[in-house]
Amino acid sequence: MNLAERADELPTTNTNEAEGSRERVDVVVIGAGQAGLAIGYFLARAGRRFLIVDGADSIAAAWRSRWDSLVLFTPRRYDGLPGLAFPGDPDGYPTRDEVIAYLEQYAAAFELPVELDNAVRSLDAEGGRFVVALEDRQIEADQVVVATGPFQLPRVPAVGHELAPDLFQTHSTGYRHPSDVPEGTVLVVGGGNTGFQIARELAATHAVHLAVGSRQMPLPQRFLGRDLFWWLMKTRLLTKTIESRIGRRLRDRDTLIGSSPRRLKRDGVELKPRAIAASGRTVSFADGSELDVDAVIWATGYRPNHSWINLPIADPNGDVRHRRGVTDVPGLYFLGLSWQHTRGSALLGWVKHDAEFIAEQIDAFAEVQTTRERANARPSAEPKPREDSPHTPPVPVA
């Protein structure tokens, strides 16, 4: 389907609001994290009238919800957004607070129009334009980019509801520091990078068990004197798309970067298989063993929440239906999704590639709209015959 056909198919939803009371922009970007700021850079460079909106009270809200000691596994040389390098030792690894400071600096450096503390309540379409309902007003936009990323609603398995109500439980998004966790035996559930890092930190002060439900592929942070991401760039594995055979295989395999079960055991963490049931303060595992715990931390990831989008974006499985962020709804895009196009789509330093692609789609779509509006506005006129035409009217004789 070409852009002209897409522009004709924007769905329409009725609303009782008066159009004259709405603010008008070219593009609304929903989300003021790394993805929203990256697309904002390209929109500003193109001279678009746009607004970045976020329900949080500060930029980079997803990063602020991570634990205090978080350190990225990507070196600073790879962590910059378009137009501004990440400061500091390019071979070092930035902390959570450095990432937050960088994203704040980024928005200020390019004077991006960010409106915080004003959540989007709904996204509809009316009369060929999108209607973004905020808490205090509605905004009309020709195009919309949903840049809320993959970290939306914490996912906690049903087994968590079987534990005693007074037992300390928190998702990893609520974990900050070991001192916040009660003394005693702690169970961390989730075998990804988050679970491994939190378990290792807690092991210095607590008796820690880590429940891993699926086999992981551990990768060293450094290999033959080079950082892992140097090798991933050199071998172009990070640029393999989800449509490629190797991309499909990599998507279904979780990787541990800089962590491994062997290293975790040396740190005093005991590994357990999948947690399958619980009762009171006792957790049961897939191998038939049980463990009495004093605290549980769920490092079990997140699930998306697009219930506020009143447009046909979901596939039969409930996932967003798109191709590299371009949805079936003309003018509506997603940015920052895991494996949106490559392994790097949701990573700080690689989201810029998808952002540039979406910006190109926005430019092309806007050009189609402008061309159509000019054609519709042009007054019709009878064609003037050429002087040598046999249909030239006779010249009156005086």
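Some notes on this structure:
- About its Cα centre, the dipole of the chain is roughly 1800 debye, where the only charges are +1 on Lys and Arg Cβ and -1 on Asp and Glu Cβ.
- Global size of region 265-308 as Cα Rg and Dmax, reported in angstrom: 14.3, 46
- Scattering curve values for region 85-211, log₁₀ I(q)/I(0), Debye with Cα scatterers, q = 0.10, 0.13, 0.15, 0.17 Å⁻¹: -0.59, -0.87, -0.98, -1.06
- In the full protein context, region 24-82 carries 31 Å² of accessible surface per residue, based on a 1.4 Å probe and ignoring ligands, DNA and RNA.
- Whole-number percent relative contact order across the chain, with pairs defined as alpha carbons under 8 Å at least 6 apart: 21 percent
- For the residues Gly127, Gly331, Gly258, a GNM of the chain with alpha-carbon springs under 10 Å puts the largest fluctuation on Gly127.
- Point-charge dipole on Cβ atoms (K/R +1, D/E -1) for region 214-306, about Cα centre, debye to 20: 740 debye
- Under 13 Å of direct C-alpha separation, and excluding same-chain neighbours fewer than eight residues apart, Lys352 reaches these aspartates and glutamates: Asp79, Glu360.
- Accessible surface of region 27-177 [probe 1.4 Å, protein heavy atoms]: carbon and sulfur percent: 51 percent
- When you restrict to C-alpha pairs under 8 Å that are six or more residues apart and normalise by the size of region 119-178, the relative contact order lands at 19 percent.
- Relative contact order of region 268-359, defined on C-alpha pairs under 8 angstrom at six or more residues apart (%): 12 percent
- Taking the Cα atoms of the chain, the ratio Rg/Rh between the radius of gyration and the Kirkwood radius comes to 1.10.
- On region 230-388, 46 percent of the accessible area sits on carbon and sulfur atoms, based on a 1.4 Å probe.
- Counting all C-alpha pairs of region 188-344, share separated by more than 25 Å (%): 48 percent
- Subtracting the Cα-Cα distance of Arg49 and Asp117 from their residue separation scaled by 0.36 nm leaves 22.4 nm.
- Entry note, the chain: the mean residue ellipticity at 222 nm calculated from DSSP H runs of n ≥ 4, each adding -39500 (n - 2.57), is -7000 deg cm²/dmol after division by the residues and rounding to the nearest 500.
- For the options His341, His171, His161, a Gaussian network treatment of the chain with springs between C-alpha atoms closer than 10 Å singles out His161 as fluctuating the most.
- Heavy-atom surface of region 165-298, accessible at 1.4 Å and reported per residue (Å²): 55 Å²
- Of the residues Leu347, Leu81, Leu153, the one that moves most in a GNM of the chain with alpha-carbon contacts below 10 Å is Leu153.
- Estimated FRET transfer efficiency when R0 is 30 angstrom, pair Arg155-Arg245 (beta carbons, to 0.05): 0.55
The values are calculated or read from the model by the stated rules, or taken from the named source; none is laboratory data. What you see is a predicted model; the values in this text were computed from it and never measured. For neighbour counting, all protein chains shown are included, and Cβ atoms are generated from backbone atoms with ideal geometry for every residue, glycine included. SASA here: full protein model, heavy atoms, side chains in, ligands and nucleic acids out. Shrake-Rupley method; radii C 1.70, N 1.55, O 1.52, S 1.80 Å.
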